[in-house]
């Protein structure tokens, strides 16, 4: 299958949501995880989703990542309405247009760094002869040339996250979705990862969405979207986005 409207900039925005809502349960037991979220995100923008536990930021990220579907409202990715796609179509969109970075890295322990990065290329149908040099090229871009044959247990947390970023970039995604990408790292290593994401954004013009509770991490973004009880309470422009300050 293919979604041709996502192939080019069919809209000014890479992500558009309109009254996006997510409900669980029925009747008196209904839980409103997300309520009428309307949000526009430009190509190449870095946006931080902030809010306390239960605010709806992870629910929103799951919908934007095509891991879940909204109960109501619309979600357009590259101008194409993906809010009603079935599971097979959602998986296709994730593979071709989205990259994911997790707090716990989610690398396969039995695979080397190069094999972890090459895995999405395998699912894309790229031949082994082609995907091996591509994986090495991606690892070089994140400063991991010396660790290509190492397994996750042989790497530090920062190194594992660099491999995870390389893996997320393997399919040349339009959008990177990062769920607490520095949450398992110390401050210095976390800042290195944020600087790396800034380089990725500038070099590849990729949109980055960060879920974080840390104001220092959020200060890296162009904008901060604050959520509370499933609703957007306010959107804050950062005066010096992308600047990682020492502390």
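So here's what we get for this one:
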| item | result |
| --- | --- |
| Among (1) surrounded by fewer than 17 Cβ atoms within 10 Å (Cβ to Cβ); (2) in contact with a helix residue (DSSP H, G or I) (Cβ under 7 Å, 6 or more places away or on another chain) - the single one residue 140 does not satisfy | (2) |
| Residue tally, condition surrounded by 18 or more Cβ atoms within 10 Å (Cβ to Cβ) and over 19 Å from the mean Cα position of the chain (by Cα), over segment 152-166 | 2 |
| Restricting segment 1-30 to residues that are surrounded by fewer than 15 Cβ atoms within 10 Å (Cβ to Cβ) and at pLDDT 85 or above, the residue that is farthest from residue 98 (Cα to Cα) | 24 |
| Hey, residue 194 surrounded by 17 or more Cβ atoms within 10 Å (Cβ to Cβ) and part of a helix (DSSP H, G or I) or not | yes |
| Matching option when the condition is crowded, with 17+ Cβ neighbours inside 10 Å and touching a residue at least 60 places away in the same chain (Cβ under 8 Å), among 95, 61, 85 | 61 |
| Some residue of segment 107-114 being surrounded by 18 or more Cβ atoms within 10 Å (Cβ to Cβ), touching a residue at least 60 places away in the same chain (Cβ under 8 Å) and either in contact with a strand residue (DSSP E or B) (Cβ under 7 Å, 6 or more places away or on another chain) or more than 30 Å from residue 151 (Cα to Cα) (or both) | no |
| Given (1) under 30 Å from residue 32 (Cβ atoms); (2) in a helix (DSSP H, G or I), number of the condition residue 201 does not satisfy | (1) |
| Test result for residue 173, part of a loop (DSSP other than H, G, I, E, B), touching a strand residue (DSSP E or B) at 6+ places or on another chain (Cβ under 7 Å) and over 19 Å from residue 41 (Cα atoms) | no |
| Residue satisfying all of: in segment 69-82; assigned to a loop (DSSP other than H, G, I, E, B) and in contact with a strand residue (DSSP E or B) (Cβ under 7 Å, 6 or more places away or on another chain); surrounded by the fewest Cβ atoms within 10 Å (Cβ to Cβ) among these | 71 |
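The values are calculated or read from the model by the stated rules, or taken from the named source; none is laboratory data. Here the structure is a predicted model, which is why all the values come from computation and not from measurement. Please note: Cβ atoms are built from the backbone with ideal geometry, for glycine as well, and neighbour counts cover all protein chains shown.
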